[in-house]
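Let me begin by presenting the structure, written as structure tokens, before commenting on it.
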Amino acid sequence: MVKVVNKILIQNFSLNYSDGTESLHEITLQIPANAIMVFFGPAGGGKSSLLRAINRLNDLADVISISGEILLADENGNYLNIYDKKVDVIELRRRVGMVFARPIVLPLTIRGNLTYPLELKGEKNKDILMTSVERSLRQAALWDEVKDRLDTSATALSGGQQQRLCLARSLMLEPEVILLDEPTSGLDPISTSKVEATLQDLKQRYTIVLVPQSIQQAARMADYAAFFLQGELIEFAPENALFINPKDGRTKDYVEGRFG
Amino acid sequence: MSNFRSWLEKFIFWAIRISGYSAILFVIAIFLYLLREGLPAFSEVPLSNLLSERWYPNEDLFGLLPLLGGSLVVIIGATVIAVPIGICTAVYIAEVAPPWAREILKPIVEVLAGIPSVVLGFFGIVILAPYLRRALDLPTGLTALAGSLLLAATSLPTIVSVSEDALYSVPKSFRDASIALGVTEWQTIWHMTLPAARTGVLTACMLGIGRTVGETMAVLMVTGNAPVIPRGISSLFAPVRTMTATIAAEMGEVATGSAHYHVLFLIGITLFLITLAINLIAASVVFRKRQRAERILS
């Protein structure tokens, strides 16, 4: 197996919404494999847009124009342009999972939430489903808390548990990349630290792209960080460089809290 | 001046209160009147006659079964036609249609609700019944099927607009989450959105069926009005007589206070109880849902 260095290559990627509000201009960026990449910057900078572009969730939004490329590597190091017309979007979204800012549990049981994506992919074998349920709950550090009540309603879980359930649900499909859009924004500090610890474990197996909830979280979590401002990528570097010694004046101002 | 204002305040308050209570009072009064006029039927007509198979009032034969059966055939037929079409239309409007199509479809469905049933019945007699006779090679087009089709048309707007609201109330975020999990849009609608909205959709169907039960004019005009007990699927293609049509057709000519008169009121009581049961089922479904939501929130 070839060692893939960069899991995702974003090249001259631009995107415009029809109402002209948010957009991305000429983003070029490499997302390294098996690491946590953090997109940070003030609101409206295009972080979420770029995140949603990576699994083409933007297809559902009012996007009028897209240019440039986003390339996703498979395990042999072959890159696939995800905006190619021949790409199977459903298959792409199974390879690139997503967790949203608010935990979105479906009105089903805990088990039902987890098996939902796998069953609709066509998996009927109960043993395989149950094995996957246990594996992803363990990966999301939720197994011990819910193993005795898998058939109770998922909406009865606490906010932190719900968010880890959503993470576990994404892991059911064994994706290669996990995108997280402010996954801890609604959580208390204890739940937040649990989710963060889980993510640090998960990067052994997965490539993680995180839009953090705060600059502190960005600094805690980042192996690599990219700073976005008004739709442009200002600076991209390994964690220490960006937070300790930013090259660009705007990054420095933001990191030091002069605007935000 | 302030005296006048406080007097006016009180007057309006009482006016509102009286209209509120009078609505309840009217329902109770109507029900009591139905009972008073209908219950004597049990003493005047033996039960064996009421449960017999022939409705022929001129010879004192008051078998209710053909009428009940006729109503059931027409109602079940209408339900089988209207529920799938209604739900599919609601799914199309709420989930699939582009905004411009939604803007056109929604008002059209609401206009359908406003068509008087007499007009629908007229359309049924002039166009639908002859067409059915020719297309299916029947002796007459005035059949239970024609009634079912028209009733389906009257209940569709209710089913569509209430289910559509139920589908809208499923948060958009559920859809995003489902799509992001590599689930297709059709699977999302079928396995997530519809189940999540099922109580609302069920209520919609119940309200729609409730409307078909009480509908009189259209069925009176197109079902042929032959009081025959329906047997099997073939009765769908034969004339039937419903309970509502019987009351409408015969009440004007019956001698007040006669046995026939009291039996017609008994039919009215039966109809009242059927619609009441359907509304109670619909309400209990909604109530159960609310209770569950409250349990989760508390």
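Below is a table of values for the structure above.
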{"quantity": "Segment B:76-91: number of residues that are more than 26 Å from B:GLN187 (Cβ to Cβ) and either surrounded by fewer than 22 Cβ atoms within 10 Å (Cβ to Cβ) or not assigned by TED's automatic domain parsing to the domain that holds B:ALA144 (or both)", "calculated": "3"}
{"quantity": "Residue list for segment A:222-232, filter: within 18 Å of the chain's Cα centre (by Cα) and assigned to a strand (DSSP E or B)", "calculated": "A:TYR224, A:ALA225, A:ALA226, A:PHE227, A:PHE228"}
{"quantity": "Residues of segment A:135-160 classified as farther than 21 Å from A:ARG205 by Cα, assigned to a helix (DSSP H, G or I) and within 14 Å of another protein chain (Cβ to nearest Cβ), total", "calculated": "4"}
{"quantity": "Scan of segment B:210-228 for residues that are surrounded by fewer than 17 Cβ atoms within 10 Å (Cβ to Cβ) and in contact with a Ser or Thr (Cβ under 9 Å, 6 or more places away or on another chain), ordered by number", "calculated": "B:GLY214"}
{"quantity": "When residues of segment B:154-184 are limited to those that are among the polar types (S, T, N, Q) and out of contact with any Gly (no Cβ under 6 Å at 6 or more places or on another chain), the one farthest from the other protein chains (Cβ to nearest Cβ)", "calculated": "B:THR154"}
{"quantity": "Helices (runs of 4 or more DSSP H) contained entirely in segment A:15-134, each with at least 2 residues that are facing chain B (nearest Cβ under 10 Å) and buried (at least 18 other Cβ atoms within 10 Å of the Cβ)", "calculated": "A:89-95, A:110-121"}
{"quantity": "Residue in segment B:185-198 that is more than 8 Å from chain A (Cβ to nearest Cβ), under 19 Å from B:GLY210 (Cβ atoms) and at pLDDT below 90 present", "calculated": "yes"}
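The values are calculated or read from the model by the stated rules, or taken from the named source; none is laboratory data. Model, not experiment: these values are computed from the prediction. Neighbour counts are summed over all protein chains in view; Cβ atoms, including those assigned to glycine, are modelled from backbone coordinates with ideal geometry.
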